[in-house]
Every structure is written in C-alpha cells, then in structure tokens.
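Visitor: I am attaching a structure below and will ask some questions about it afterwards.
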Amino acid sequence: MDIMKKLINNENIYDVAIKILTILVGFLFASVLLILCGYNPVVAYATLFKGAFSNIKSIGDILLRATPFIITGLAAAYGFKAGVINIGISGQMYVGGFFAVMAGVLLDLPQVIHIPVVLICGIIGGMAWSIIPAFMKYKLRTSEVFTTIMMNYIALWSVQYFSRLIIPSQYETRSAVINDSASLRNPLLSNLFGGSYVNLGFIIAIIATIIYYIYFEKTKAGYEMKAVGLNLNAAKYAGINIKFNSFMSLVISGGLAGLAGGVFYCGYTNNIELGVLPPYGFEGITIALMGSNGAIGIILSSLFFGMMSVGASFMSATAKIPNELVNVIIAMIIYFSAATIYFKDNLESIVNNFKRRKES
Amino acid sequence: MIDLIFQAFPYALTFTTPILICSLAALINTKGGVINIGLEGIMVVGSFASALVMYFLYSQLGSSALIISLIISGVVGGLFSLLFAVSVIKFKVDHIIGGIAINMLAFSLTLFLARVITGKGLIRVDKGISRIDNELLSNIPLIGDLFFTKFYITTYVVLFITIIVAFIFNKTRFGKNITACGENPYSAESCGINVSLYKCLSIVLSGFLAGMGGGIVILTYQREFTGSVQGIGFLALITIILGKHNAYKILFASFFFGFVRTFAAMASVNEVLSQLQIPMEFYNVLPYVLTLIAVGISKGGENAPQYLGEVYIKGKR
C-alpha cells in the first residue's frame with residue numbers, strides 16, 4: 001500500500017476513492033441521459049469499451065490521442081502547482097505549433113537534428129507567447145486569467161496572418177505541409193500498433209512527464225516553485241524569490257504548452273489548421289485536475305481521455321449514439337472532481353465518525 | 001468613408017447587441033466578485049434553447065414564437081447557471097475551474113441533444129427576427145440613418161436592459177449589496193448581508209442575460225445552432241475591463257468591439273476597406289491588443305472588485 005500511495009504522488013486514499021467515485025457518477029449521469037433519449041446505456045458502454053480495445057490499432061490510437069492530453073495536462077499542472085491558472089494553453093500551443101511547423105517547412109535538416117529543432121522551436125513559441133502575461137503578472141500584478149484569454153485570440157488571428165504570409169499552401173485554411181524529416185511519425189511505431197499513427201510524440205510526452213516528476217520531487221527549483229504555489233507568504237518568509245518564480249511559472253507552463261503544439265502539429269497532423277485554436281486548452285486543465293497534478297495521475301487520466309475518445313468514434317459508428325456523449329461524461333466527471341475537496345472533507349468526516357463510533 | 005460608416009452601422013449594431021448583453025451579464029457577475037468563464041457555455045445553452053423553441057413552435061405559433069424563444073433562452077440560461085452557482089458557492093470550487101466545467105458540459109450536452117433531436121450537430125432556424133425601419137424616426141437626418149434603419153428590435157431591448165442594470169448598481173440597495181459582496185464579502189457578512197444568496201442571485205441573473213444573448217445570436221445573424229457563439233462569452237470578460245466595470249462605459253466598449261468585428265467581416269468585401277489593404281486579422285486583433293494595453297496602463301483594470309475571483313467561505317474572517 002505504501003508503494004501504491006507513493007505512486008499516486010502522496011495522495012491519500014480518499015482522493016483516489018473520490019476520483020473513482022466521480023468517474024462512476026459521470027457514467028451514471030450519462031446513463032440517465034441515454035435512457036431519457038431512448039438509448040440503452042449498457043449497449044452504449046459496451047460498444048464504447050469494445051471500440052477502445054478492439055485491436056492493437058485502437059490501442060495505438062489511444063496512445064496517439066493521449067499524447068497531447070499528457071503534455072497540455074503537464075502544462076496546466078505546472079501552473080497549478082506554482083499557483084497560476086493558465087487559461088492560455090490553447091494560444092500558447094497554437095503559437096508553439098506554428099513555430100514548430102515553420103521550422104519543419106522552412107528548414108531542411110537530417111531527421112536526427114530536425115526533430116529536436118522543431119520541438120525546441122515549439123517550446124520557444126509557447127514561452128514567447130506567455131511572456132507578456134507573465135510580465136504583466138510580475139510587474140503589474142495583473143491577473144493572468146484575462147491576459148491569457150486575450151493572448152489566445154491574438155494568437156488565433158496572428159498565426160492565421162503570418163502562416164499565410166510565410167508558409168502558404170494552396171488551401172486557405174491550412175499551412176504548408178512539413179518536411180518528412182521533421183515529422184514525428186515513425187514507421188516502426190506504426191507497424192508495432194497495426195498501422196495507427198501513434199508517433200514519437202508519445203515517447204516525448206512520457207519523457208516530459210518523467211522530467212516533471214523529477215523537477216518537483218528532487219530539485220531545489222521545483223521545491224521552491226511548489227512552495228510559492230502553496231503559500232505565497234510562507235515562501236516569501238523562507239527567502240524564496242516569489243516574483244521571479246511567479247514569472248517563470250507561467251513561462252514554463254507556456255513552454256510545455258508550446259511543446260504540446262509542436263508534438264500535435266508535427267505528429268498528429270503535419271500542418272497547422274488556421275482559424276481554430278487547438279481544442280486542448282481546457283482539456284489540459286481538466287487532465288491536471290483529474291490527475292491531482294501528479295505525474296502518474298496525469299498519464300492515467302490522459303489515457304482515460306484517449307480511451308474515451310477512441311471508443312466514442314466506434315460507438316457513434318456502430319451503435320449510432322452521438323459521440324458527444326463521451327464529452328458529456330467527461331464534463332460531469334470534471335464538474336464533480338472539481339468539487340473533490342468538498343466531497344473529500346465530507347467523506348473523511350463520515351469515516352472518522354464511523355471509526356469513533358466503532359471505538360466507543 | 002462616410003458611406004462606409006453608414007453601411008457598416010446596422011451590422012455593427014447587430015454584432016454589438018449580443019456582446020453588450022453578455023458583457024452586462026459578466027458585469028453582474030464581476031460586481032458580485034465572481035469570474036465566470038462559463039458565460040460562453042451558458043450562451044451556447046441559451047442559443048440551443050432558443051433554436052429548439054423555434055424548431056418546434058414556429059410552425060404553430062408564428063412570430064409570437066420569437067418572443068417565447070427569447071424568454072425561454074434566458075430562463076434556460078439562468079437555470080443552467082445554477083449549476084455554476086452550486087459548484088462555486090456550495091462546493092467552493094475555484095471560479096475558473098467551475099467555469100471550465102460548465103463550458104465543457106454546455107458544449108457537449110447541447111451538441112449531443114441537437115444530434116439526438118435533428119440527427120445532425122446543428123439546428124436550422126428558418127425564420128428569425130427581421131430587420132425593420134422605423135417610419136417616424138428614420139427620417140431624422142443622420143441619426144435616423146444610423147440608428148433607425150434596418151435595425152433589430154433586440155438592439156433596443158438590450159439598450160433598455162443596460163439602463164436597468166446601470167440603475168440597479170447605482171441606485172438600488174440590491175445592487176449595492178451585490179457590489180458589497182464583491183468588494184469585501186466578509187465586511188458584507190458582518191453587516192448582515194447573506195453573501196451566498198447575493199452571489200447566487202448575481203450568477204443566476206447574469207445567466208439569464210447570457211442565455212438571452214445566446215438567443216439573440218441565433219435569432220438575428222446566426223440563424224443556426226452550431227454549438228458555438230464565436231467566443232462572445234470570453235469577449236464579454238474583456239469588454240468589462242475595457243469598460244472599467246461601468247454599465248455605460250461597457251456600452252461603448254461593446255460597440256467598439258462590434259464595430260471592429262464588422263470591419264473584419266467587411267475587410268475583403270467592401271470597396272473602401274479593401275483599398276486600405278489592411279488585413280482582416282488586424283481588425284480582429286486590434287481590440288484585444290488595445291485592451292491589453294489598457295489593462296497594462298491601469299494596472300489590472302480600473303474599479304475591479306477587491307475580492308474578484310476569490311472563493312467565499314462563510315465566517316472565514
């Protein structure tokens with residue numbers, strides 16, 4: 001049990017119990033909805049899980065879908081641990097993706113060098129896009145919530161403009177396609193997973209998660225960052241440079257979001273779609289929330305999200321149930337897991353009461 | 001150039017209307033100390049309700065369905081925002097996270113239901129509110145052409161609501177109490193104000209307005225439920241900063257956003273504008289950049305409530 005506890009990042013057992021409970025509640029709510037709409041929930045969930053685990057390719061697809069979830073989840077979790085809410089993940093991801101795609105289209109390098117260059121460009125793009133909100137928070141104490149929302153919209157239109165200017169394609173809504181040497185797609189991995197497009201991005205996501213874990217658990221910088229997030233005044237009293245840390249928290253979170261953009265636009269797709277922000281901004285936050293900001297938690301909840309989205313396409317194709325159902329389930333899970341603290345306190349007090357009664 | 005303004009004006013007013021009503025919704029929230037990212041979702045729910053009413057009732061009720069549709073969209077928006085109120089006030093969830101949950105639920109639930117009802121992810125509304133000319137007022141030189149030709153009646157309904165909201169916050173005890181809850185809930189609590197109740201009321205009231213805003217989007221220019229209102233809910237949070245948390249200044253801020261949006265839509269179509277050769281992206285980015293600068297200069301937006309976005313825990317202090 002001790003190892004288990006350590007694995008789930010020092011969370012107590014109530015937290016895990018509550019997480020499972022909220023997932024059940026999400027499914028329960030969706031069942032009610034399904035019955036009201038005249039579907040059979042048993043059939044729905046059976047096809048959902050059957051679709052997700054039908055063959056080796058669908059397993060690969062789960063990993064493929066989970067990849068951007070993991071990295072955006074890390075970006076959001078980093079922010080949470082350092083005490084900021086990064087609403088700007090989608091904008092930072094978009095700009096990071098744009099930088100990465102730009103490097104992928106314009107440069108012509110051998111693959112071993114090209115891929116790291118592309119990813120670093122992604123990280124730089126994401127960091128650059130979060131510098132303004134970070135600076136405003138650092139210098140003017142402006143809430144990052146509003147500034148990052150604005151930066152999202154500025155990203156949306158700027159990327160469209162500069163993409164058409166610098167890397168145009170014959171389509172109005174898409175950029176040019178990246179060179180093969182920049183693509184994260186890997187024939188070896190694809191063959192391993194029966195032709196799925198699962199790519200090096202997943203491995204990068206895992207590496208990023210490991211670094212995230214080591215950073216927060218083993219390094220001084222990570223410890224300081226965590227302290228700033230937990231209690232600003234205590235951190236200040238302990239001599240930690242809180243201004244610098246709160247500046248860096250948004251920038252590093254943005255860098256992770258940029259990495260997610262690079263991985264998404266050079267692996268999942270091979271060009272950048274214009275006029276739409278990537279739909280991972282809020283998902284990243286929900287992943288971090290479900291995973292309690294822990295490394296293992298983030299990977300597990302990303303895999304869960306990936307599984308749900310793979311199963312959803314199968315479910316809507318075979319059982320003719322709209323695949324938005326999956327998002328309803330996830331939304332309900334998020335709604336209740338956000339209230340985890342409230343439920344946890346209640347559950348703890350109930351259990352404590354029970355114990356006390358047993359003793360007396 | 002003058003012609004351009006005359007051409008753009010009715011469209012600018014059309015775009016302004018939902019932005020304005022949603023900004024008022026955001027204002028009510030913010031005054032009560034609540035940041036509601038979920039406004040976008042609540043608007044989508046309102047637009048869904050409105051489209052649904054039109055889908056089922058228009059053939060039977062004719063144009064009176066329009067009024068019912070607008071009211072229902074508001075009521076549904078208000079009811080839906082109760083979910084947000086419960087999570088923020090009862091469960092003590094962080095406002096941003098509560099808002100995100102509300103958004104996700106709104107987007108997925110409405111699209112799911114739309115697919116169940118119509119078989120596709122959209123609901124077409126064949127007949128919306130039509131543009132009208134006011135016979136009498138449109139003859140006034142200048143103003144008549146600008147404000148009273150080809151306008152939607154909803155624009156003036158929303159203007160009226162603006163006045164009411166301004167009145168509530170400036171003159172009534174109810175408005176002052178909401179403001180007190182945002183400025184300092186603990187002082188308000190010690191004065192005997194039921195903070196949770198007032199916060200809840202402000203959320204539901206703003207949900208009503210935001211839902212109605214969604215209905216206006218559907219019934220005026222969008223004419224189709226697609227599960228999106230193009231980010232007006234987020235825009236509203238920005239508008240109130242530019243409008244310095246004052247209902248009348250917000251009116252101008254919303255109008256500015258609406259006008260720029262019109263220019264963006266007309267940039268490549270209109271002769272005068274296309275001669276200027278300014279890309280449409282520029283118009284779209286402009287309001288955000290300006291607001292960002294304004295926020296920078298005013299150090300985080302003027303007149304923002306002191307306890308904005310903080311979870312209220314009764315008797316904490």
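The values are calculated or read from the model by the stated rules, or taken from the named source; none is laboratory data. Model, not experiment: these values are computed from the prediction. Cβ: placed from backbone, ideal geometry, glycine included. Neighbour counts: every protein chain shown. Surface accessibility is based on the protein's heavy atoms, side chains included, excluding ligands, DNA and RNA. Shrake-Rupley method; radii C 1.70, N 1.55, O 1.52, S 1.80 Å.
Visitor: What is the local net charge at residue A:52, summed over the other residues whose Cβ is closer than 11 Å to its Cβ (Lys, Arg +1; Asp, Glu -1)? Each step should come with its number before you reach the end.
Guide: On the way: positive: A:50, A:65; negative: A:61.
It works out to a net charge of +1.
Visitor: Mind checking which of A:59, A:335, B:103 is farthest towards the positive end of the protein assembly as shown's charge dipole, using Cβ charges of +1 (Lys, Arg) and -1 (Asp, Glu) about the Cα centre?
Guide: Of the candidates, A:335 comes out farthest on the positive side.
Visitor: Work out the charge dipole of segment B:72-219 with +1 on the Cβ of Lys and Arg and -1 on the Cβ of Asp and Glu about the Cα centre, then indicate which of B:154, B:214, B:143 is farthest towards its positive end.
Guide: B:214
Visitor: Taking 7 Å along the Cα-to-C-beta vector as the label spot, tell me the residue B:122-residue B:79 distance in nanometres, rounded to one decimal.
Guide: Between residue B:122 and residue B:79, the label points sit 2.7 nm apart.
Visitor: Using a Förster distance of 30 angstrom, determine the FRET efficiency expected from the C-beta separation of residue A:37 and residue A:16, and round it to 0.05. Working shown, then result.
Guide: On the way: r = 32 Å, r/R0 = 1.07.
The formula returns an efficiency of 0.40 here.
Visitor: For the protein assembly as shown, with only Lys/Arg (+1) and Asp/Glu (-1) charged at the beta-carbon, what is the dipole magnitude about the Cα centre, in debye rounded to 20?
Guide: On the way: 45 positive and 30 negative charges, 351 e Å.
Rounded to the nearest 20 debye, it is 1680 debye.
Visitor: Let me ask something else about it. Would you list, by chain and number, the aspartates and glutamates whose Cα falls below 18 Å from the Cα of residue A:236, excluding same-chain residues fewer than 8 positions away?
Guide: The reachable aspartates and glutamates, counting only those whose Cα sits under 18 Å from residue A:236, are A:224.
Visitor: Going highest first, how would you order B:18-24, A:59-65, A:179-185, B:49-55 by mean Cβ packing within 10 Å?
Guide: Details: B:18-24: 31.9, A:59-65: 23.4, A:179-185: 19.7, B:49-55: 26.4.
Going by the mean number of other Cβ atoms within 10 Å, highest first, we get B:18-24, B:49-55, A:59-65, A:179-185.
Visitor: At 25 °C and 0.890 mPa s, grab the translational diffusion coefficient of the protein assembly as shown from Stokes-Einstein with a Kirkwood Rh over Cα pairs, rounded to a whole number in µm² per second.
Guide: Values: Rh = 26.2 Å.
D = 94 µm²/s.
Visitor: Dipole size in debye (nearest 20) for segment A:237-360 around its Cα centre, Lys and Arg Cβ +1, Asp and Glu Cβ -1?
Guide: Details: 7 positive and 6 negative charges, 101 e Å.
Magnitude of the dipole: close to 480 debye.
Visitor: Enter the accessible area of residue B:149 (Å², nearest 10), with the probe set to 1.4 Å and all protein chains included.
Guide: Ignoring ligands and nucleic acids, residue B:149 comes out at about 30 Å².
Visitor: Related question: Hey, if we sort B:86, A:198 by accessible area with the 1.4 Å probe, largest down, what's the order?
Guide: Numbers: B:86 60, A:198 0 Å².
From most exposed to least exposed: B:86, A:198.
Visitor: Would you compute, from DSSP H runs of 4+ residues alone, the mean residue ellipticity of chain B at 222 nm, taking -39500 (n - 2.57) per run and dividing by the full residue count, rounded to the nearest 500? Before the final figure, lay out the partial values.
Guide: Numbers: 13 runs with 218 residues, N = 317.
Calculated mean residue ellipticity at 222 nm is -23000 deg cm²/dmol.
Visitor: Here's something else I'd like to know. So which aspartates and glutamates can residue A:358 reach, going by Cα to Cα under 19 Å and dropping same-chain residues fewer than 8 places off?
Guide: Answer for residue A:358, where 19 Å is the Cα cut-off: A:348, listed by chain and number.
Visitor: Taking 8 Å as the Cα distance limit and 6 or more residues as the minimum spacing, I'd like the relative contact order of chain A as a percentage. Before the final figure, lay out the partial values.
Guide: On the way: 619 pairs, mean separation 126.2, N = 360.
Averaging sequence separation for qualifying contacts and normalising by length gives 35 percent for chain A.
Visitor: So what's the back-of-envelope 222 nm ellipticity for chain A, counting only DSSP H runs of four-plus at -39500 (n - 2.57) apiece and dividing by all residues, rounded to 500? Don't skip to the answer; put the middle values down first.
Guide: Numbers: 16 runs with 272 residues, N = 360.
Roughly -25500 deg cm²/dmol at 222 nm, from the helical runs in chain A.
Visitor: Could you give the distance between the Cα centres of segment B:255-293 and segment A:66-108, to the whole Å?
Guide: Cα centroid of segment B:255-293 versus Cα centroid of segment A:66-108: 28 Å apart.
Visitor: How about residue A:57: which lysines have a C-alpha closer than 23 Å to its C-alpha, ignoring those fewer than 8 places off in the same chain?
Guide: A:320
Visitor: Show me A:254-265, A:214-225, A:73-84 ranked by packing, highest mean number of other Cβ atoms within 10 Å first. The partial results should precede the final answer.
Guide: Working: A:254-265: 31.8, A:214-225: 15.2, A:73-84: 27.1.
Sorting A:254-265, A:214-225, A:73-84 by mean packing, highest first, produces A:254-265, A:73-84, A:214-225.
Visitor: Report the full-extension gain for the segment residue A:185 to residue A:230: residue separation times 0.36 nm, less the Cα-Cα distance, to one decimal in nm. Before the final figure, lay out the partial values.
Guide: Values: separation 45, 0.36 × 45 = 16.20 nm, distance 3.95 nm.
So the chain would gain 12.3 nm between residue A:185 and residue A:230.
Visitor: Relative contact order for chain B: what is it in percent, counting Cα pairs under 8 Å that are at least 6 residues apart?
Guide: Details: 572 pairs, mean separation 115.3, N = 317.
Across chain B, relative contact order equals 36 percent.
Visitor: Just to verify a number: what accessible area does residue B:116 come out at with the full protein assembly present, 1.4 Å probe, Å² rounded to tens?
Guide: About 40 Å², rounded to the nearest 10.
Visitor: Quick one: which residues, 5 or more positions from residue B:224 or on another chain, have an amide H under 5 Å from its amide H? H modelled 1.01 Å from N in the peptide plane, none for Pro or chain starts.
Guide: So residue B:224 has HN proximity to B:125.
Visitor: Give me the one-decimal nm value for the distance between modelled label points at residue B:3 and residue A:173, 7 Å along each residue's Cα-to-Cβ direction.
Guide: Placing both labels 7 Å along Cα→Cβ, they lie 3.4 nm apart.
Visitor: Once the whole set of protein chains is in place, how much accessible area is left on residue A:39, using a 1.4 Å probe, in Å² to the nearest 10?
Guide: Ignoring ligands and nucleic acids, residue A:39 comes out at about 60 Å².
Visitor: Let me check I've understood the local charge: for residue B:91, count other residues with C-beta under 12 angstrom from its C-beta, Lys and Arg +1, Asp and Glu -1. What total comes out?
Guide: +1
Visitor: Once you keep just the Cα pairs under 8 angstrom separated by 6 or more residues, what percentage relative contact order results for segment A:234-360?
Guide: On the way: 38 pairs, mean separation 15.7, N = 127.
Once normalised by length, the contact order is 12 percent.
Visitor: Which value, in debye to the nearest 20, gives the size of the charge dipole of segment B:1-144 about its Cα centre, when Lys and Arg are +1 and Asp and Glu are -1 at the Cβ? Don't skip to the end; give the middle numbers.
Guide: Numbers: 8 positive and 6 negative charges, 103 e Å.
Approximately 500 debye in magnitude.
Visitor: Can you list which of the DSSP-assigned H helices in chain A have a Cα extent of 24 Å or more along the long axis and an average Kyte-Doolittle score of at least -0.5?
Guide: Numbers: long enough: A:13-36 (35 Å, 2.35); A:56-81 (36 Å, 0.95); A:89-106 (25 Å, 1.48); A:111-140 (43 Å, 1.42); A:144-166 (30 Å, 0.83); A:200-218 (26 Å, 1.69); A:242-263 (31 Å, 1.28); A:295-318 (35 Å, 1.62); A:340-359 (28 Å, -1.10).
Membrane-span-like by this rule: A:13-36, A:56-81, A:89-106, A:111-140, A:144-166, A:200-218, A:242-263, A:295-318.
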